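Novice: Below: one structure in structure tokens.
Only the coordinates and a few stated rules stand behind these numbers; no lab work does. Keep in mind that this is a model prediction, so the values were computed, not measured. Ideal geometry is used to build each Cβ from the backbone, glycine not excepted, and the neighbour counts take in all protein chains shown.
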Amino acid sequence: MADSKIEETVKEALEMYRPMLQADGGDCELINIDEENRVHLKLTGACGSCPMATMTLKMGIEQYLKDACPEVKEVVQDN
């Protein structure tokens, strides 16, 4: 598991991003942050079955998290 400072920053950033997902009937759940600082998320609700989910994950959530926490290397979808 990643250090607690990174985890806390990621959780705070996800809380700020979450309303954008919820506006479209979706959400995300933090699964874990691995030792390589890759954030593992599960997209839920409408986001879980949306054909644009990969784009949302990479161009939306990943970019947002990297801006908030430069230590984040990648966001990975775990479903």
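Novice: With 10 angstrom as the radius, rank 4, 49 by how many other C-beta atoms surround their C-beta, starting from the fewest. Walk me through the intermediate numbers first.
Specialist: Working: 4 8, 49 11.
Least crowded to most crowded, the residues run 4, 49.
Novice: Hey, another quick one. Assuming a ≥ b ≥ c are the square roots of the Cα gyration tensor eigenvalues, decide whether region 29-68 counts as rounded (a/c under 1.5), prolate (otherwise, with a/b larger than b/c) or oblate. Intermediate values should be presented prior to the final figure.
Specialist: Details: a/c = 2.54, a/b = 1.44, b/c = 1.76.
In terms of gyration-tensor shape, oblate.
Novice: Report, in debye and to the nearest 20, how large the dipole of region 9-79 comes out about its Cα centre when Lys and Arg carry +1 and Asp and Glu carry -1 on their Cβ.
Specialist: Details: 7 positive and 13 negative charges, 36 e Å.
The calculation lands at about 180 debye.
Novice: Let me ask something else about it. Relative to the longest principal axis of the chain, what angle (0 to 90°, nearest 10) does the C-alpha long axis of helix 4-22 take?
Specialist: Helix 4-22 sits at roughly 10 degrees to that axis.
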